[in-house]
Amino acid sequence: MRRILVEQGRRKRRVRHGGGMRRIDLDDACSLVLPPSDDLLALDEALSRLASLNSVRAEVVKLRFFAGLTMPEVARALGISLPTAERYWAFARTWLYAELKADEPPPAKKPRDT
């Protein structure tokens, strides 16, 4: 699922497929679904970095975020205890948040009146 979403986001950004432009059908315009954003691509890159550091914690994120599993389901799928899965989830969320914040450009400073 992760690969499908990431590849769809990359494909939509290509000039051949409209670059930043999107064709919207009338039915789609009425829905509340947001378009794929660059945030998904940044998350994929950060998740790859996390997987190189700790693959089990990255798997917890994949199962929670991309597959939509609950924490007990994640723990069963990975063969770990529920408290361990919850600790891994908390660590991974914090680590990914810090990574994604580090990738953002710093906000522009306002000129001071002297």
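Some notes on this structure:
- Residue check for GLU59: modelled with pLDDT of 85 or more, over 23 Å from TYR97 (Cα atoms) and either of a type outside the set (Gly, Ala, Ser) or surrounded by 14 or more Cβ atoms within 10 Å (Cβ to Cβ) (or both): no
- Number of positions in the stretch 67-79 that are more than 23 Å from the chain's Cα centre (by Cα) and modelled with pLDDT under 95: 0
- Against the list (1) out of contact with any Asp or Glu (no Cβ under 8 Å at 6 or more places or on another chain); (2) modelled with pLDDT under 90; (3) not basic (Lys, Arg), the condition ALA42 fails is (1).
Yes or no, residue by residue, for (1) within 18 Å of ALA51 (Cβ to Cβ); (2) of a type in the set (Val, Ile, Thr); (3) at pLDDT 95 or above; (4) open to solvent by 100 Å² or more (accessible area, probe 1.4 Å):
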site	(1), (2), (3), (4)
SER81	no, no, yes, no
TYR88	yes, no, yes, no
TYR97	yes, no, no, yes
ALA102	yes, no, no, no
PRO107	no, no, no, yes
THR114	no, yes, no, yes
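- Of all residues in the stretch 44-95, those satisfying the criterion of being among the basic types (Lys, Arg) and within 22 Å of LEU5 (Cα to Cα) are ARG49, ARG57, LYS62, ARG64, ARG93.
The values are calculated or read from the model by the stated rules, or taken from the named source; none is laboratory data. Source: prediction; values computed, not measured. Here the Cβ is made from the backbone with ideal geometry for all residues, glycine too, and neighbour counts use every protein chain on show. Side chains are part of the model used for accessible areas, which takes the heavy atoms of the whole protein and leaves out ligands, DNA and RNA. Shrake-Rupley method; radii C 1.70, N 1.55, O 1.52, S 1.80 Å.
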